[in-house]
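Data first, discussion second: the structure below is written as structure tokens.
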Amino acid sequence: MTLSRGLAVVFLLLGLYCGLDPLGHSPIARFPDFEAKRIDMPAWSEIPTEQDKENLLQRSEVKFVNEVQGPESIAFDPLGRGPYTGLADGRIVFWNGHSWLHFAHTSPNRSEICNPIASATPFSYVKTEHICGRPLGLRFDKKTGDLYIADAYFGLLKVGPEGGLATSLVTEVEGVPLIFTNDVDVDAEGNVYFTVSSFLYQRRNFVQLAFSAEDSGKVVKYNPATKEITVLMRNIQFPNGISLSKDGSFFVFCEGAVGRLRKYWLKGDKAGTSEILAILPGYPDNVRVNKDGDFWVALHCRRYMYGHYSGLYPKMRKIILRLPIPTKIQFMFHIGGRQHAVVVKYSPEGKLLQILEDSEGKVVRAVSEVEEKDGKLWLGSVLMPFVAVYNLA
């Protein structure tokens, strides 16, 4: 056999391997109905270019290493105690100043398989999180002290100030079960607002959801007094964090796939309408309001040209996703090759006020939420085994 024929055979076999993916290495190998949607990306020229050249997040203090696995949301109760956070093993825990205590859980079927695992990582619990629960967004009702919980698998729940098994409030919307409830907030009248990231993909498949950018996501209102469930916005590509404004006249929520903050008016002449508040320099997770009425947004990563163009051209994206390249590597393509945390602060009018980052991922590699309290930023992450604290002073 000549060299040219030998190379031809090698390339043919390589092509067949890539096309057939016999070992199932492709991120979408287990998803025969996978479809990639076009993302209405903003023009590249509209994306903020401001950077934190000092990498100030590298000055953060990393706390509770390996004591908390995947602490996505950080909350303090109306008396200022905490933090409280939800973990990958399904528990909601409370820091009493000395140690972490089990405060609440969302699954009525919790058993020994849900117990914390020695030498675990946030990914160790993925196989059982549909049984044990995966609490994501946490918010306290400042009047009652009740904690509202957005559990990815068990929907919207509530637990009293004494903790324990949370009470189920909403498990389906418009007759469709909740399989990826994400974040929650509650207003002064007790109305609850929450996001559903997808009705097609469970949280355990959030990477495939991000790759797909399918638009089944919704923003929902729940009235505890009447039990009424109202869909406020629909056809959203990966809605994520949600936060009411300081005066309660509107809320903002994160459009995860597009990388935007959107404002939805609750009061005034614009009530019931929405508008773009800000185009973000990266892809957002949660958003939280501070005492001044500004919004802190946790960005999963900055934008890169690869992710930008794959969003615009879904057929190309699907072809690449069919290649036998492991999910982790495909994911790294989209986030610029390494994990790196970015947090940004916006005014209620959408002005970028501050940006903090660890572009090298040396100290804070990922961040899901930013909670400001007493001059400090508490940084949680669904992907990390710790909480980071940054001193604003």
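Descriptive notes on the structure:
- GLN51 modelled with pLDDT of 90 or more, in a helix (DSSP H, G or I) and under 26 Å from the mean Cα position of the chain (by Cα): no
- Verdict on LEU232 being assigned to a strand (DSSP E or B) and under 17 Å from GLU349 (Cβ atoms): no
- Here ALA120 fulfils each of the conditions (1) assigned to a loop (DSSP other than H, G, I, E, B); (2) within 23 Å of VAL287 (Cα to Cα); (3) among the small types (Gly, Ala, Ser) apart from (2).
- Test: residue in segment 279-289 that is hydrophobic (A, V, I, L, M, F, W, C) and free of Cβ contacts under 8 Å to residues at least 12 places away in the same chain: no
- Residue match in segment 312-320 (condition: touching a residue at least 60 places away in the same chain (Cβ under 8 Å) and either over 25 Å from PRO239 (Cβ atoms) or among the hydroxyl-bearing types (Ser, Thr, Tyr) (or both)): yes
- In segment 83-117, the residues that are assigned to a strand (DSSP E or B) and either in contact (Cβ under 8 Å) with a residue 60 or more places away in the chain or over 21 Å from the mean Cα position of the chain (by Cα) (or both): TYR84, THR85, GLY86, ILE92, PHE94, TRP95, TRP100, LEU101, HIS102, PHE103, ALA104, HIS105
- Residue in segment 216-245 that is surrounded by the fewest Cβ atoms within 10 Å (Cβ to Cβ), counting only those that are among the charged types (D, E, K, R) and under 18 Å from ASP183 (Cβ atoms): ARG234
- Enumerated strands (runs of 3 or more DSSP E) restricted to segment 132-229, each holding at least 1 residues that are without any contact (Cβ under 8 Å) to a residue 60 or more places away in the chain: 147-151, 155-159, 167-170, 181-186, 192-196, 217-223
- In segment 294-317, residue farthest from GLY256 (Cα to Cα) [restricted to those that are of a type in the set (D, E, K, R) and crowded, with 17+ Cβ neighbours inside 10 Å]: ASP294
- Flag for SER119 being at pLDDT below 95, out of contact with any Cys (no Cβ under 8 Å at 6 or more places or on another chain) and either among the hydroxyl-bearing types (Ser, Thr, Tyr) or farther than 24 Å from PHE238 by Cβ (or both): yes
- Segment 290-308, residues that are farther than 15 Å from GLU46 by Cα, in a helix (DSSP H, G or I) and more than 19 Å from the chain's Cα centre (by Cα): TYR306
- Any hit, segment 345-367, residues being closer than 30 Å to ARG30 by Cα, touching a Leu at 6+ places or on another chain (Cβ under 7 Å) and surrounded by 15 or more Cβ atoms within 10 Å (Cβ to Cβ): yes
- Contacts under 7 angstrom Cβ, first residue in segment 355-375 being in contact (Cβ under 8 Å) with a residue 60 or more places away in the chain, partner of a type in the set (A, V, I, L, M) and in a loop (DSSP other than H, G, I, E, B), 6 or more apart: ASP358/VAL364; ALA366/LEU383; ALA366/MET384; SER368/VAL382
- Residue within segment 18-31 that is surrounded by 19 or more Cβ atoms within 10 Å (Cβ to Cβ) and closer than 30 Å to LEU277 by Cα present: no
- Within segment 266-285, one or more residues are closer than 24 Å to ASP215 by Cβ, among the acidic types (Asp, Glu) and buried (at least 21 other Cβ atoms within 10 Å of the Cβ).
The values are calculated or read from the model by the stated rules, or taken from the named source; none is laboratory data. Please read all numbers here as calculations on a predicted model, not as lab measurements. Glycine also receives a Cβ, built like all others from the backbone with ideal geometry; neighbour counts cover every protein chain displayed.
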